[in-house]
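Notes follow once the structure below has been shown.
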Amino acid sequence: MKLYISCDMEGVAGVCSWQQVDARKYNPEYFVYQRYMTAEVRAAIDGAREAGAGEVLVNDSHGPMRNLLLDELPEDIRILFGNRKPYSMVQDVDSSYGGVFFTGYHGAIGDADATLCHTYTPSVIYDVRLNGVRCSEATLNAALAGFYGVPVLLITGDRVTVEGAKAQMPWITGVVIKESIGNYAVDSLSPQAAQDAIRAGAAEAIRNAANAKPFIMEPPVTLEIDVTRVEQADLIELIPGFTRSGSRQVRFIHDDYPTVFKAFVAAFRMGALAETA
């Protein structure tokens, strides 16, 4: 099986603070958790391959998307590295893949007891829905994989994140790395225990792949975004295809989900420009 891995950082063992996951401020803690993130991805690859997975593409999906320590990963994998990808956290996923893993994922913005919860850009996105379904990053990303007929097989992170994904996609193997204590504290497995659990979960996910289903948003797909500030909606509604549906809400409708996803990416990037006005 050809495997796609989208890896985030907030759901990694021990993570409970933005300082631990922000490379831009050169906080010493970041470099510790960068290693833990890389080790969890390696554990997912090793477990998947023990169960028969073959070719692997890893998409570094956190922040500036330049986090993984490349020399600590298998030498025969491919890696998407760097920011501004048109499809962001699920760049280059297509029908050639047999399944997708989400590692180190976190809850949607507004989720209670989901550490560091947000949806893509918390300074812009207050809430987002597809066909009326409230979305986490896992939801949005799974729908793009599902468009190509590729199911999500594994998700790792805190309990709220895992249970939220399983509520939408019951076939997913979920590995709970930590229990959130509000937004800035966790009861976590140790890094090694988390890696062992991920390795076992990845193998289980590959073995159960035949029972998995693509997560599909039926067309026409209605994207609704609630932004944090009015001036962000002012800018987003300038994008062709978007309409203003409220003072802080915009809407985009299209039959093609990849087009909807790119519109979402364009919206949160355009919304971020309002901060520099």
Seminar exercise, completed: Among the residues of the range 196-230, the number that are over 19 Å from Ser6 (Cα atoms) and in contact with a Gly (Cβ under 9 Å, 6 or more places away or on another chain) is 9
For this session: With the condition kept exactly as written, say whether any residue in the range 59-73 is in the same structural domain as Ala165 (by TED's automatic domain parsing), within 15 Å of Val150 (Cβ to Cβ) and free of Cβ contacts under 8 Å to residues at least 60 places away in the same chain.
Result: yes
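Report the residue count in the range 1-42 for those that are over 21 Å from Leu116 (Cβ atoms) and crowded, with 24+ Cβ neighbours inside 10 Å.
Number satisfying all stated conditions: 2.
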Problem set entry | Members of the range 14-37 that are within 20 Å of Asn59 (Cβ to Cβ), modelled with pLDDT of 95 or more and assigned to a helix (DSSP H, G or I) | Tyr30, Tyr33, Gln34, Arg35, Tyr36, Met37
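Just give me the residues in the range 117-131 being under 11 Å from the mean Cα position of the chain (by Cα) and either modelled with pLDDT under 95 or over 19 Å from Tyr257 (Cβ atoms) (or both), in sequence order.
Matches in the range 117-131: His118 only.
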Exercise. Does the range 69-84 contain at least one residue that is polar (S, T, N, Q) and at pLDDT 95 or above?
Worked result: no
For this session: Evaluate the following for Ala114: is it within 14 Å of Glu163 (Cα to Cα), of a type in the set (Gly, Ala, Ser) and buried (at least 19 other Cβ atoms within 10 Å of the Cβ)?
Result: yes
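Table: residues versus (1) in contact with a helix residue (DSSP H, G or I) (Cβ under 6 Å, 6 or more places away or on another chain); (2) over 20 Å from Lys262 (Cα atoms); (3) charged (D, E, K, R).
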| position | (1), (2), (3) |
| --- | --- |
| Met9 | yes, yes, no |
| Ala23 | yes, yes, no |
| Gln34 | no, yes, no |
| Ser95 | no, no, no |
| Thr115 | no, yes, no |
Exercise. Just one of the numbered conditions (1) in a loop (DSSP other than H, G, I, E, B); (2) within 17 Å of the chain's Cα centre (by Cα) is not true of Ala165; which one?
Worked result: (1)
Problem set entry | Those residues of the range 170-199 which are in contact (Cβ under 8 Å) with a residue 40 or more places away in the chain and in a loop (DSSP other than H, G, I, E, B), in sequence order | Trp171, Ile172, Ile181, Gly182, Asn183, Tyr184, Ala185, Leu189, Ser190
Exercise. Does Ile198 qualify as being over 22 Å from Ala114 (Cβ atoms), modelled with pLDDT of 95 or more, among the hydrophobic types (A, V, I, L, M, F, W, C) and under 21 Å from the mean Cα position of the chain (by Cα)?
Worked result: no
Problem set entry | Residue identified as touching a residue at least 12 places away in the same chain (Cβ under 8 Å), more than 26 Å from Ala210 (Cα to Cα) and assigned to a loop (DSSP other than H, G, I, E, B) among Gly11, Gly52 | Gly11
For this session: Would you tally the residues in the range 187-208 being surrounded by 21 or more Cβ atoms within 10 Å (Cβ to Cβ) and of a type in the set (A, V, I, L, M, F, W, C)?
Result: 6
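Is it true that some residue in the range 99-108 is assigned to a loop (DSSP other than H, G, I, E, B), of a type outside the set (A, V, I, L, M, F, W, C) and modelled with pLDDT of 95 or more?
Just the residues of the range 99-108 that are assigned to a loop (DSSP other than H, G, I, E, B), to begin with: 106-108.
With of a type outside the set (A, V, I, L, M, F, W, C) added as a condition, the list becomes 106-107.
In the following step, the residues that additionally are modelled with pLDDT of 95 or more were identified as 106-107.
The answer is yes; a qualifying residue exists.
The values are calculated or read from the model by the stated rules, or taken from the named source; none is laboratory data. Everything quoted here is computed from the prediction, not taken from an experiment. In this analysis, Cβ positions are derived from the backbone assuming ideal geometry, glycine residues included, and neighbour counts consider all displayed protein chains.
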